[in-house]
Ligand SMILES: [Zn+2]
């Protein structure tokens with residue numbers, strides 16, 4: 001059997017076996033201390049197909065994320081929209097920190113695009129918000145609080161617009177449901193029928209969210 005992933009086996013005080021894939025080439029397998037070598041091998045063998053599939057999926061996401069170079073290009077609506085050099089004068093000479101800040105400032109300067117989108121979708125759906133603010137979170141694309149403040153991640157500008165539409169619709173639905181219970185998804189389904197596909201597609205862009213600028 002040829003393993004497609006490097007599996008780091010950790011024996012520890014536990015009763016169950018836990019297999020976690022880290023990336024397309026690495027996984028961690030946590031097993032009870034007393035388990036036999038043979039049992040470990042059997043378990044890994046039984047997960048081969050799943051490991052192969054997971055590895056392939058992760059490789060695709062990794063390749064996709066490598067096709068973006070945020071320090072070189074500006075991206076809008078899922079496409080390259082010019083060179084950072086052209087929008088930030090003297091960019092090359094800046095320190096890494098100043099570069100990040102300059103990139104952030106650029107996307108913040110385009111935030112009005114998201115404001116307009118939110119206004120349009122709010123008008124179309126009748127779902128309201130009181131205020132809108134940008135966020136640069138590396139964890140969430142957006143949020144909506146009980147005071148009606150909707151925060152949208154300026155990195156949404158980088159994504160294809162249909163995904164920004166999905167996130168805005170999602171946050172607008174929180175004006176009716178401050179949770180993710182079935183009624184929330186039902187509401188979202190009425191204004192964004194393809195939300196399940198959009199949610200899945202968002203996962204491919206998680207590297208954009210995690211990028212710090
Ligand atoms: Zn939500």
*If you take the square roots of the eigenvalues of the alpha-carbon gyration tensor of region 6-66 and sort them as a ≥ b ≥ c, do you get rounded (a/c under 1.5), prolate (a/b over b/c) or oblate?*
prolate
*If you build a Gaussian network model of the chain, linking Cα atoms that sit under 10 Å apart, which residue out of 104, 186, 39 swings the most?*
39
_Helix 37-46 against the longest principal axis of the chain: what's the angle in degrees, Cα atoms only, rounded to the nearest 10?_
50
*For region 18-143, rounded, prolate or oblate, judged on the Cα gyration tensor with a ≥ b ≥ c (square roots of eigenvalues), a/c < 1.5 rounded, else prolate if a/b > b/c?*
prolate
*Once every DSSP H run of n ≥ 4 in the chain is given -39500 (n - 2.57) and the sum is divided by its residues, what mean residue ellipticity at 222 nm do you get, rounded to the nearest 500 deg cm²/dmol?*
-14500 deg cm²/dmol
*When only Cα pairs under 8 Å and 6 or more residues apart are kept, what is the percent relative contact order across the chain?*
15
*What spacing in nm lies between the two simple spin-label points modelled at residue 34 and residue 48, each 7 Å away from Cα in the Cβ direction?*
3.0
*For region 1-43 and region 76-152, write down the distance between their C-alpha centroids in whole Å.*
41
*asked:* Starting from the Kirkwood Rh over alpha-carbon pairs, what translational D in µm² s⁻¹ does region 73-210 have by Stokes-Einstein at 10 °C and 1.306 mPa s?
replied: 101
_I'd like the antiparallel share, as a percent to the nearest 5, of DSSP beta bridges with both residues in the chain._
50
*Give the peptides 62-73, 199-210 in descending order of average Cβ contacts within 10 Å, highest first.*
199-210, 62-73
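Each reported figure results from applying straightforward, stated rules to the coordinates on display, with no laboratory input. The model shown is predicted, which means the values in this text are computed figures rather than measured ones. Backbone-built Cβ (ideal geometry, glycine too); neighbour counts: all protein chains shown.
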